[in-house]
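To start, the structure under review is shown below, and the notes come after it.
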Amino acid sequence: MKNRHISRRALKLAVPMMIQNGITNMVTLIDNVMVGSLGTEAITAVSIVGQLIFVFNLAVFGGLSGPGIYGAQYYGQGNEEGFKNTVRIKHWIGVICLLLGGVAFIFGREFLIGLYLRGESGSVDPVLTMTHAKQYMNIMLCGLPFFVVTQIFATSLRETGKSVTPMLAGLASVVIDIVFNYLLIYGKLGFPHLGVSGAAIATVMARVAEMLIVVVSAFSARYGHAFLRGLYRTILVPKEITAKIVKKGIPIFFNEFLWAGSVAGLTQCYSVRGLEIVAGLNISNALCNLFNVVFVALGSAVGILIGQTLGASEYDRAKKDSFRLMWFTGGICLILTTILVLLSGFFPQFYDTTAQVKESAQWFIIITALFFPIQGFLNALYFTLRSGGKTLITFLFDGVYSWLVTLPVATLLCKFTGLPIFAVFAIVQSADIIKVIVGYILIQKGVWISNLVEHTA
C-alpha cells in the first residue's frame, strides 16, 4: 500500500461515496420538496413510509456489511477467490432481505403506517395521510429489488477502492428523479397528474437506472473488475467461509435492523406530540441526511482502510491510523454543523405547510447539527471496531443500546413528562456521548485488532 497520509487516502475513497450517497439522499430531498407543495398530509405520508423503508435499507446494509468486512481484508491480502465468495454470500443475503421485507410490508402495511397516526392534530387529516401513505408505499415496494442489487455490487466495488462507478450511477439516478418528479407529480408535458404516486414512480425509475449503470459497467469488458470474473460459475460458498462470515455478519445485520427500528420507533414516540412534529422531523431529516453522508462515508472509508491494513498484518499502523481518522472525521463535522445552523431558518420555507411545522423543522435541524461532531466521531469508532471483526461489541454498542437506553428514554419523556419536544429530542441525541466514551476506551485498548483472513487460503 502506498504510504500516503491516511486522511488523504480516506478522502479519496470517501468523497465518491459522499457524492453517491448524497445523490441518493438528494432523491429523497427532491421528493420531499416537490411533495411539500401538495400539503402537510402528503409530506407526513412520505415521511412515514420513508421511515419504514429506511428500516429495510439499513437491514440490507447490515446484512452486506458482514461479508464486506472479509471482502476488505481479502482484498488487502490479495485473495481474489476469497473476495468472490463474499460477493456470492451477498447475493444470498439480498434474497433473504427481500423475502422478509416484502412479507412485512405487504401484510403489515396498514398497521405499520397507523403507528405514526395516533397523535393529536388540529391541522393534519389522518385519513388523508393514510391514503397518501398507502399509495406511496405500494409503488416504492417495486423499487426494493433494484436497490438491493445496486448495493451488492456498489459495496463490492468500494471494498476494492473503486467507488467512482457507484457515484456516477447515483448522479444519473438523481437526474432521472428530478425530471420525472416534475413530470409525474404535477402532470407536465402531457404526463398524468399523479401527486404522491408520481413521486414514488419517479423514485423507482431512478433506482432502476442506478442499478443498470452499476451492474452493466461492472461486468463490461472496459470497466470489469477481477472479482467478477467467474463469479457465477457457482453460487455455492465453502462451508468454512460461510460459517465465519455468518458468525461475524449476524450481529451486524441485527444491529442495523435494531438501530433502524429504534429510529423509526423514536419518530413514532415523537408523533404522540402531534402529526405536525412528524412533518417537521421529515423536513429536518431531508436536509440533515444530505449532510450526514459525509461522516457516514468517512466511517465506511475508515472500515475499508483499517480492514485492508489489518489484512496486511500492519497492526501498529492500523491503531495509529484509527485515531487520526477519528479526530479528522470529528473536525470535518464541525464545519457541517456551521453550515446546517445557517440553513436551518431558510430551508423549511421551501415547503407549503404551516408556520408551526416550519418552526419545528428549524429547531430539529439546529439540534441535529449541534450533535454532528459527536456522530462523526462515533461513526469512525464504530467502523474501526467493525473492521477487526468485533461485531458483537458493535451490536451491543449500537443496536442493543438503542433499544435499552435511547428508545425507553424517549418514550418516558414523550409520554410521561411535560418537557418540550425539542428538549426531549436534545436529551435523546446526547445519549450517544456515553457510546463515544466507551468506544474510545475500547479503541485505545486495541481489543479490535485482528487479522480475520491470516490463515485463509
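Scanning the range 226-275 for residues that are modelled with pLDDT under 75 and assigned to a loop (DSSP other than H, G, I, E, B) gives Arg229, Gly230, Val237. Of all residues in the range 113-134, how many are at pLDDT 85 or above and either among the basic types (Lys, Arg) or surrounded by fewer than 20 Cβ atoms within 10 Å (Cβ to Cβ) (or both)? Selection size over the range 113-134: 4.
Being farther than 30 Å from Ala42 by Cβ, aliphatic (A, V, I, L, M) and surrounded by fewer than 18 Cβ atoms within 10 Å (Cβ to Cβ) is a description that applies to Ile335.
For the range 91-107, state whether one or more residues are touching a Ser or Thr at 6+ places or on another chain (Cβ under 9 Å) and either over 30 Å from Leu231 (Cα atoms) or of a type in the set (Val, Ile, Thr) (or both). No, the range 91-107 has no match at all. Listed by first and then second residue, the pairs linking a residue in the range 43-61 that is touching a residue at least 60 places away in the same chain (Cβ under 8 Å) and closer than 16 Å to Asn25 by Cβ to a residue that is among the basic types (Lys, Arg) and part of a helix (DSSP H, G or I), with Cβ atoms under 9 Å apart and 6 or more places separating them unless they lie on different chains, are Val49/Lys134. In the set Leu98, Leu29, Leu58, Leu38, only one residue is surrounded by fewer than 24 Cβ atoms within 10 Å (Cβ to Cβ) and not in a helix (DSSP H, G or I); that residue is Leu38.
Residues in the range 315-356 that are assigned to a helix (DSSP H, G or I), over 22 Å from the mean Cα position of the chain (by Cα), of a type in the set (Ser, Thr, Tyr) and closer than 25 Å to Asn285 by Cβ: Thr338 alone. Among the candidates Val263, Val278, the residue that is within 30 Å of Thr86 (Cβ to Cβ) and of a type in the set (A, V, I, L, M) is uniquely Val263.
The values are calculated or read from the model by the stated rules, or taken from the named source; none is laboratory data. It should be emphasised that the depicted structure is a prediction, and the values quoted were computed from it without experimental measurement. Using ideal geometry, Cβ is built from the backbone for each residue, glycine included, and neighbour counts are taken over all protein chains shown.
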